[in-house]
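Single-structure report; data block below.
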Amino acid sequence: MADFDFDLFVIGAGSGGVRAARMAAAGGMRVAVAEDRYMGGTCVNVGCVPKKLFVYASSYREAFEDSAAYGWQRAESEFNWETLRESNANEVARLNGIYRNLLANSGVTVIDGRARIEDPHQVVVGEQHYSAERILVATGSWPFVPDIPGREYALTSNEIFSMADFPERILVVGGGYIAVEFAGIFAGLGAKTALSYRKDLFLRGFDRDVRTFVRDELSKKGIELHFNHRVEAIEKQADGSLLVRLDDGETMAVDTVLYATGRVANTVGLGLEKLGVVMHRDGTISVDDNFRTNVHSIYALGDVTGEPQLTPVALAEAMALVKHFQTGKVTEIDYNNIPTAVFCQPNIGTVGLSEEEARNSGMAVTIYKSEFRPMRHTVSGRDERTLMKLVVDSSNDRVIGAHMVGPDAGEIIQGIAVAMKAGATKAIFDQTIGIHPTAAEEFVTMRTPAT
């Protein structure tokens, strides 16, 4: 070990890389981290954190409107993009500093710059060479934009938070959770918003009832939803606007086009191909149960390996890897029943199997569903609904799926996920006394199976 500059060299200071570096250093390893762009990674800079802040910002318009029914008299409100943009930038900068200090206080050497792996034990950053017993690739993922004419005029989630001007008209292209979230954000902030998806219904992989319910709720908010819709080209107009050409010959005039069409592994320029590191066809890195590649000294975790692209997953993998370094044993991660949330408006929270997944696997299932108006809107009069759904294995009464669309769905589903991890049955749900009056109590009061 003394022959190397470091015991562990981490490439990428995102959630997984920072956690692995800190824990390894705390265990006595000599650790370095190289980062060329975002201290804290996608989540802190252009992902989870700013997105949630923008969701909060976009929800105020409806809150102001609803307040009148509760007796609040108010002056007209006006949204200021510059204020939101700078508030977000200040918060991100604060978090960048926290991450840098966490690493420094843990004894990790922080190296600013793009790292390249020269050989199984050599990393180059700029003109500087570093040797390491082990190298960890934790460079995350990067937004994908298809190769269409005018793609240079499209923005991604990397740029959208720092736009100079707020668009009056925006087209969001994509059908995943990022596209759906940003459509809600910009509609809430006051932009005329359209969402374009190339297939018949967005949020592939989610429960079908959730997908159709969200479709209907977003339509109520004035978002134009275009399905079976393909963008063929984007053209810049003399006035600075964008003309979007569609495959059916139609055109759309907008100020901004946001592409949210998936993310790919961020591995370009790392030198992995030269070393013969095995990668999947989609560009993700192949690893074993210990996150080791086929090159004995090189490891990878997080989004770059193609596992669920979720911050908590990367954190869990980092902890498992460091424990393996310390003990030599495999620390298995259970990728089943990972809860997740989509911060569209209303929110989605989900854990476990969808009804379709359960039935397609051959299970006999019993379905429980409830749909209602949130209590807040019984007074405000807003036409917004909440959906809750449980998927139960009929053979043993275990709850194998829980899905919600409604305010604070993520907060509620987190607790349900604990119960499911513990093996809770529908009978246990039924025996649990609810908290009244809350939406969450509906999960323990649904008694009649859906027909």
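Structure notes:
- Rg over Rh [alpha-carbon atoms, Kirkwood Rh] for the range 59-131: 1.36
- Normalised contact order of the range 1-104, rounded percent, pairs of Cα under 8 Å and 6 or more residues apart: 27 percent
- Among the listed pairs 369/426; 192/221; 199/389; 389/421, those beyond 19 Å (Cα-Cα): 199/389
- Treating r as the C-beta distance of residue 273 and residue 168 and R0 as 51 Å, the FRET efficiency rounds to 0.70.
- Calculated FRET efficiency for the pair residue 228/residue 430, C-beta based, R₀ 45 Å, to 0.05: 0.60
- Signed unit charges on C-beta, dipole axis of the chain, positive-most listed residue 107, 57, 324: 324
- Working note: 222 nm ellipticity from helices only, DSSP H runs with n ≥ 4, each -39,500 (n - 2.57), summed and divided by the residues of the chain, gives -9500 deg cm²/dmol to the nearest 500.
- Among the trypsin sites (Lys or Arg not before Pro) in the range 285-360, those placed in a DSSP loop whose Cβ has at most 15 other Cβ atoms within 10 Å are 329.
- The range 151-261, relative contact order in percent, only Cα pairs under 8 angstrom and at least six apart counted: 36 percent
- For the chain, the longest principal axis of the Cα atoms and the long axis of helix 409-421 meet at an angle of about 70 degrees.
- Over the range 340-444: Kirkwood hydrodynamic radius from C-alpha pairwise inverse distances, Å: 14.1 Å
- Anisotropy class of the range 236-362 from Cα gyration tensor, a/c 1.5 cut: oblate
- Sites matching GluC sites (Glu not before Pro) across the range 334-393 that sit in DSSP coil, with at most 16 neighbouring C-beta atoms within 10 Å: none
- Subtracting the Cα-Cα distance of residue 112 and residue 247 from 0.36 nm times their residue separation leaves 44.2 nm of extension gain.
- One compactness figure for the range 180-264 is 1.14, namely its Cα radius of gyration divided by 2.2 N^0.38 Å.
- 20 Å-binned pair-distance histogram of the chain (Cα, whole percent): 22, 51, 26, 1
- Degrees between helix 311-327 axis and first principal axis of the chain (Cα, 0 to 90, nearest 10): 30 degrees
- Computed from phi, the 3J(HN,Hα) profile of the range 291-306 under the Karplus parametrisation 6.51, -1.76, 1.60 (θ = phi - 60°) reads 6, 9, 7, 5, 8, 3, 9, 10, 10, 8, 8, x, 4, 5, 9, x Hz, with x in place of Gly and Pro.
- Relative to the dominant Cα principal axis of the chain, helix 177-189 is inclined by about 60°.
FYI, it's all coordinate maths here, none of it is from the lab. This is a predicted model, so every value here is computed, not measured. Virtual Cβ from ideal backbone geometry, glycine too; neighbours counted across all protein chains shown.
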